[in-house]
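The values are calculated or read from the model by the stated rules, or taken from the named source; none is laboratory data. In this text the structure is predicted, and so the values were computed from the model without any measurement. All Cβ positions, even for glycine, are placed from backbone atoms using ideal geometry, and neighbour counts span all protein chains on display. Please note that ligands, DNA and RNA were not included when accessible areas were found on the heavy atoms of the full protein model with its side chains. Shrake-Rupley method; radii C 1.70, N 1.55, O 1.52, S 1.80 Å.
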Amino acid sequence: MGSLSIWHWIVVIAVVLLLFGRGKISDLMGDVAQGIKAFKKGMKDDDVADKSEPVKSIENAPSQTAPRTDVGSKAV
């Protein structure tokens, strides 16, 4: 009784088809497929955009101000 037999699966599938109908299930599967295609296209567009942009770098130029010598010490 712990496992489902073929007759249990047939009854479950029949109930699902009666509740949702053939048209709704096929529409749902079509929507899922379109969503997957849109996701893959978006990921592909991301990869193309990442490769085409030039790499920006920040150069660490030395500052023009003189170093402070009084930091951390107190004149007495």
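Answer with yes or no whether residue 42 is open to solvent by less than 90 Å² (accessible area, probe 1.4 Å) and at pLDDT 80 or above. Full working, then the answer.
Details: open to solvent by less than 90 Å² (accessible area, probe 1.4 Å): yes; at pLDDT 80 or above: yes.
For residue 42, the condition - open to solvent by less than 90 Å² (accessible area, probe 1.4 Å) and at pLDDT 80 or above - is met.
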Q: Scan the range 1-28 for residues that are surrounded by fewer than 10 Cβ atoms within 10 Å (Cβ to Cβ), among the aliphatic types (A, V, I, L, M) and assigned to a helix (DSSP H, G or I) and jot them down.
A: 6, 18, 19
**Q.** Failed condition for residue 59, given (1) in a helix (DSSP H, G or I); (2) open to solvent by 90 Å² or more (accessible area, probe 1.4 Å); (3) modelled with pLDDT of 75 or more
**A.** (1)
